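Trainee: Please see the structure below; I have some questions.
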Amino acid sequence: MFTTAPSKSATANLPLDLFAAINELKQELNAVILAHYYQESDIQDIADYIGDSLGLSRQAAATDAEVIVFAGVHFMAETAKILNPDKLVLLPDLDAGCSLADTCPPDQFAAFKAQHPDHIVVSYINCSAEIKAMSDIICTSSNAVSLIEQIPADQPIIFAPDKNLGRYVMQQTGRDLVLWQGSCMVHEIFSEKKLVQLKMTHPEAEIIAHPECEEPVLQHADFIGSTTALLKYVQRSDRPQFIVVTEPGIIHQMEKQVPNKQFIPAPATGNCACNECPHMRLNTLEKLYLAMKHRQPEITMPEATRVAALKPIQAMLRMSA
Ligand code: 13P
Ligand code: SF4
């Protein structure tokens, strides 16, 4: 297993043209590279598919490649493995976790679930395989509202682990959900005060935000959606400028797809770049190359967990087909 940074000996013999070397390995391994929008620009540029969590899950379910190289965080690669037990699934840095998934330890969640025996569990895909295995339906930020609307109105529901997405879904659907109190450190760091100040100096700009943000920030948003929904929105809006309230990696795709518009990353509370996801950013082009070359680090999990986690993922794919 690699640690956070590859050792000097591992990086000493890196090819000069990493893009060419990765493309060669891709042919050799019959591999597909799936990347999330929060990955560094070089990784996005070499990926076969870039998308939000739902799009990436659909790609993982449909691919006929033998090897899936997942440039994202652990729960995303784990989802790909749950869907593809016979394929090799590689994650460039195994330490690329998720602060939100970490807010939901399986033993505590099992006890919480036991307190609500008549509830079904809808879990946001940003959780571990163990939490998925305890869930009835998985959702992502792009289908959460629609999936909750498909559940009979008299069925009580636990929604985990993101309280911010859960509250947003409650507002959109009028449903009363029992919320696990988890959150994402990246989306909670945005400053409402600085956002309002930025809007005052850019009155033409529209504020677009991810539903993992806190309510005071979301109240200022002209549009709220998953990363893919935000990308589609900037294409169809007639505004020239956008303040982007999510991880700024997505701005690379926005600038590529709509080069005539301007995208301003929303400011964080301190004077830091903490709106960059520290987990997503652990993956680098170098680590991606090394993972393909050495065919590790590989995602594995107990078969019983995988089988139990597969059912709610399949339910999601069916319900959002
Ligand atoms: P999306 O599914 O909107 O890409 O969200 C993934 C994520 O981790 C947001 O923090
Ligand atoms: Fe997890 Fe937040 Fe990073 Fe998304 S941005 S992977 S929810 S820590």
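The values are calculated or read from the model by the stated rules, or taken from the named source; none is laboratory data. Because the structure is predicted, anything quoted here is derived from the model rather than measured. Because the Cβ atoms are built from the backbone with ideal geometry, glycine has one as well, and the counts that use them run over all protein chains shown. Protein only, heavy atoms only, side chains kept; ligands, DNA and RNA dropped before computing areas. Shrake-Rupley method; radii C 1.70, N 1.55, O 1.52, S 1.80 Å.
Trainee: Find the residue count for the range 167-190, including only residues that are open to solvent by less than 40 Å² (accessible area, probe 1.4 Å) and within 14 Å of ligand 1 (Cβ to nearest atom).
Mentor: Matching residues across the range 167-190 total 8.
Trainee: Against the condition charged (D, E, K, R), part of a helix (DSSP H, G or I) and not assigned by TED's automatic domain parsing to the domain that holds residue 158, how does residue 86 come out, does it pass?
Mentor: no
Trainee: Okay, next question. Identify all residues within the range 232-252 that are surrounded by fewer than 21 Cβ atoms within 10 Å (Cβ to Cβ), more than 16 Å from ligand 2 (Cβ to nearest atom) and outside any loop (DSSP other than H, G, I, E, B); write none if there are none.
Mentor: Selection gives 232, 233, 235, 236, 241.
Trainee: Tally the residues that are assigned to a helix (DSSP H, G or I) and more than 14 Å from ligand 2 (Cβ to nearest atom), restricting the search to the range 218-227.
Mentor: Total satisfying the criteria: 1.
Trainee: Would you tally the residues in the range 126-141 being in contact with an Asp or Glu (Cβ under 6 Å, 6 or more places away or on another chain) and farther than 15 Å from residue 312 by Cβ? Break it down into steps so the answer makes sense when it comes.
Mentor: Of the residues in the range 126-141, the ones in contact with an Asp or Glu (Cβ under 6 Å, 6 or more places away or on another chain) are 129.
Checking which are farther than 15 Å from residue 312 by Cβ leaves us with none.
Qualifying residue count for the region: 0.
Trainee: So in the range 274-301, with the set limited to residues that are under 19 Å from the mean Cα position of the chain (by Cα) and among the hydrophobic types (A, V, I, L, M, F, W, C), which one is farthest from residue 69 (Cα to Cα)?
Mentor: The residue in question is 274.
Trainee: For the range 273-294, which positions are in contact with a strand residue (DSSP E or B) (Cβ under 7 Å, 6 or more places away or on another chain), under 21 Å from residue 31 (Cα atoms) and assigned to a loop (DSSP other than H, G, I, E, B)? Give the derivation first.
Mentor: So the first thing to find is which residues in the range 273-294 are in contact with a strand residue (DSSP E or B) (Cβ under 7 Å, 6 or more places away or on another chain), and the list is 274-275, 280, 283, 288, 291-292.
Checking the rest, the ones that are also under 21 Å from residue 31 (Cα atoms) come to 280, 283, 288, 291-292.
The one that is in contact with a strand residue (DSSP E or B) (Cβ under 7 Å, 6 or more places away or on another chain), under 21 Å from residue 31 (Cα atoms) and assigned to a loop (DSSP other than H, G, I, E, B): 283.
Trainee: Shifting gears a bit: For residue 123, indicate whether it is out of contact with any helix residue (DSSP H, G or I) (no Cβ under 9 Å at 6 or more places or on another chain), within 14 Å of ligand 2 (Cβ to nearest atom) and touching a residue at least 40 places away in the same chain (Cβ under 8 Å). Before you say what the answer is, go through the steps one by one.
Mentor: Details: out of contact with any helix residue (DSSP H, G or I) (no Cβ under 9 Å at 6 or more places or on another chain): no; within 14 Å of ligand 2 (Cβ to nearest atom): yes; touching a residue at least 40 places away in the same chain (Cβ under 8 Å): yes.
So residue 123 does not fit the description; no.
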